[in-house]
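A short write-up of the structure that comes next.
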Amino acid sequence: MPTRTARTAWNGGLQDGSGQVELTSSGVGTFDVSFPRRIADTADGVTSPEELIAAAHSSCYAMQFSALLARAGGTPQSLDVTADVTVQPDPAGGLRITGITLTVRGEVEGLDAEGFAKAAEEAKATCPVSKALTGTEITLDAALES
């Protein structure tokens, strides 16, 4: 199995510095990062580790969920997955990811709401990113749309 790589170049201190994250394996882009923007209410065009985790989690979950829906006898037509990653000050110092909320809405043929919900929970537990984040509370809001 492959190894994927990202690289960050950082200049300066925490508060006055900034960096760029390069998605090296795919070559799809380089994105600015900054600590003050990381903890601000608005990102203003700058990404953060938490947003990158949200991207990884939502895409991983969508893939795993799609596979499990098919295994359960459904035919996924569309899945819309959002991952909200919350970061807060850690009482021990620094920051801590305190929770992730996955929200999924899907159109699936051949599966009822109960089967959809069961596959949704299984995907939450078995997608590789969920497994990597076992120290974080992950909640799920899943709904089958008609």
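Descriptive notes on the structure:
- The charge dipole of the stretch 79-122, taken about its Cα centre with unit charges on the Cβ atoms of Lys, Arg (+1), Asp and Glu (-1) only, comes to about 320 debye.
- Spatially, the stretch 104-134 and the stretch 1-64 are offset by 26 Å when compared through their Cα centroids.
- Overall, the stretch 49-144 carries a charge dipole of about 280 debye about its Cα centre when +1 sits on the Cβ of Lys and Arg and -1 on the Cβ of Asp and Glu, all other atoms neutral.
- Compactness of the chain - radius of gyration and Dmax, Cα, Å: 17.5, 55
- Here the extension length gained between residue 84 and residue 146 equals 19.9 nm, from 0.36 nm per residue of separation less the Cα-Cα distance.
- Computed [θ] at 222 nm, helices only, for the chain once each DSSP H run of length n ≥ 4 contributes -39500 (n - 2.57): -9500 deg cm²/dmol
- Between 59, 10, 47, the Cα set farthest toward the positive side of the dipole of the stretch 1-136 (charges on each charged residue's Cβ, about the Cα centre) is that of 10.
- Considering only alpha-carbon pairs that sit under 8 angstrom and 6 or more positions apart, the relative contact order computed for the stretch 1-47 is 27 percent.
- Between 0 and 90°, nearest 10: helix 113-126 axis offset from the chain longest Cα axis: 40
- The chain, relative contact order in percent, only Cα pairs under 8 angstrom and at least six apart counted: 18
- In terms of packing, defined here as the mean over residues of other Cβ atoms within 10 angstrom, the peptides 74-82, 131-139, 50-58 line up highest first as 50-58, 74-82, 131-139.
Coordinate-derived values only; no laboratory data. Quantities reported herein were computed from a predicted structural model and do not represent experimental measurements. Please note: Cβ atoms are built from the backbone with ideal geometry, for glycine as well, and neighbour counts cover all protein chains shown.
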